[in-house]
Amino acid sequence: MENSVALVTGANKGIGKEIARQLAAAGLAVYVGSRDAARGERAAEEIGRGARLLVLDVTDAASIAAAAHKVHSLDILVNNAGISGDGKTADRDDVGAFRRIYETNVFGVAAVTNAFLPALRRSAHPRIVNISSGTGSLAWTTGPQFPHRGTFAAYRSSKAALNALTIYYAHALADAGIKVNALAPGLRRTDLNAAAAASDGDPAEAGAGAVRLALLPDDGPSGEFFSWDGTPVPW
Ligand code: NAP
């Protein structure tokens, strides 16, 4: 994969920055996607060799088009950028919050993926990794895994939609040899929300899980959902 090129959206901090760091350490050229140029530039400098800024707001069509215009060929797209909102149950949330969260976590992924597909189609081993969440698993949600079942309804339903998109993209792109998988990164200490910020989960473990899916061999899976440690997650 030494001459491979990757793009990680929302890579200026958190899990995305870890994914970018690990891909760069593996010898790839990595576009550090960031909607803010200064924050992205700082992250790219911190990561060092192989990393370079790509200004990209996944909710802004002009920003996506300008970024895609700069990338002729791409081997790995990691759709990582995401927001969680404030954790309300569905009955208490404003529909505007649903729209805002879906705009980033669902529509943003579709818009970015479609914009970069021409570049991915030029790759010999194209991979797409969607950073989802175990909280988006409907099987886990309806089982004993989550005691507070109704919270973060907008966020969790957005990740369930992202999971569905993962399957549909995998089916649609199978003939082109593009593998598409989703990752449940586990609870990680990031700025995503208060629960994440208070956790002691190491973002590097999540990064390693994403890199595993990004560097899947040609006989690897597609259209599947994995935990950060490589175990399958039920949809
Ligand atoms: P984070 O530290 O808040 O990072 C989120 C990243 O997404 C930031 O770089 C942020 O950029 C970027 N972003 C948000 N909206 C964007 C937009 N419109 N365009 C481009 N970039 C945008 O959170 P994180 O925990 O690393 O989250 C990364 C992914 O992991 C998310 O998809 C999240 O749902 C998922 N996840 C996280 C956890 C966890 O426990 N941390 C658990 C499950 C899933 P700015 O700095 O500009 O805001």
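Nothing in this text is a laboratory measurement; each read-out follows from the coordinates by a stated rule. If you're wondering where the values come from, they're calculated on a predicted model, not measured in any experiment. Quick reminder, even Gly has a Cβ in these numbers, built from the backbone with ideal geometry, and neighbours come from all protein chains shown.
Please state the relative contact order of the chain as a whole percent: Cα pairs under 8 Å, 6+ residues apart? Present the calculation step by step, with values, prior to reporting the outcome.
Values: 513 pairs, mean separation 46.5, N = 235.
Averaging sequence separation for qualifying contacts and normalising by length gives 20 percent for the chain.
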How far, in degrees from 0 to 90, does helix 14-25 lean away from the longest principal axis of the Cα atoms of the chain, to the nearest 10? 30
Can you give the local net charge around ALA61? Use residues other than it whose beta-carbon is closer than 15 angstrom to its beta-carbon, Lys and Arg +1, Asp and Glu -1. -2
Sorted peptide list for 15-21, 157-163, criterion being average Cβ within 10 angstrom, highest first: 15-21, 157-163
So what are the ³J(HN,Hα) numbers for the stretch 60-73, from phi and the Karplus equation (6.51, -1.76, 1.60; θ = phi - 60°), rounded to whole Hz, Gly and Pro as x? 10, 4, 5, 5, 5, 5, 5, 5, 4, 4, 7, 10, 7, 9
As I understand it, the value is the acute angle between the Cα axis of helix 203-214 and the longest principal axis of the Cα atoms of the chain; what does it come to in degrees, rounded to 10? 60
Where both residues lie in the chain, what percent of DSSP beta bridges are antiparallel, nearest 5? 5
Once phi is turned into ³J(HN,Hα) by the Karplus curve 6.51 cos²θ - 1.76 cosθ + 1.60 with θ = phi - 60°, what whole-Hz value does each residue of the stretch 34-43 show in order, with x for glycine and proline? 7, 6, 10, 4, 5, 5, x, 4, 4, 5
Taking the simple approach of a point 7 Å from Cα along Cα-to-Cβ for both ASP191 and TRP140, what is their distance in nm? 2.5
Candidates ALA194, ALA184, ALA44; GNM for the chain (alpha-carbon contacts under 10 Å) flags as most fluctuating ALA194
Long-range amide H partners of VAL30 with built H, under 5 Å: ALA6, ALA51, ARG52
Any chance you could get the radius of gyration and Dmax over the Cα atoms of the stretch 5-227, in Å? 16.3, 48
To the nearest 10 degrees, how steep is helix 153-173 against the longest Cα principal axis of the chain, on a 0 to 90 scale? 40
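Given R₀ = 41 Å, what would the calculated FRET efficiency be for PHE107 paired with ARG49, taking r from the Cβ atoms and rounding to 0.05?
0.75
Determine, for each peptide in 129-137, 102-110, the mean count of other beta carbons within 10 angstrom over its residues, then list the peptides with the highest first.
Numbers: 129-137: 24.9, 102-110: 20.4.
Going by the mean number of other Cβ atoms within 10 Å, highest first, we get 129-137, 102-110.
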Ranked LEU77, LEU7, criterion: other C-beta atoms within 10 Å, fewest first: LEU7, LEU77
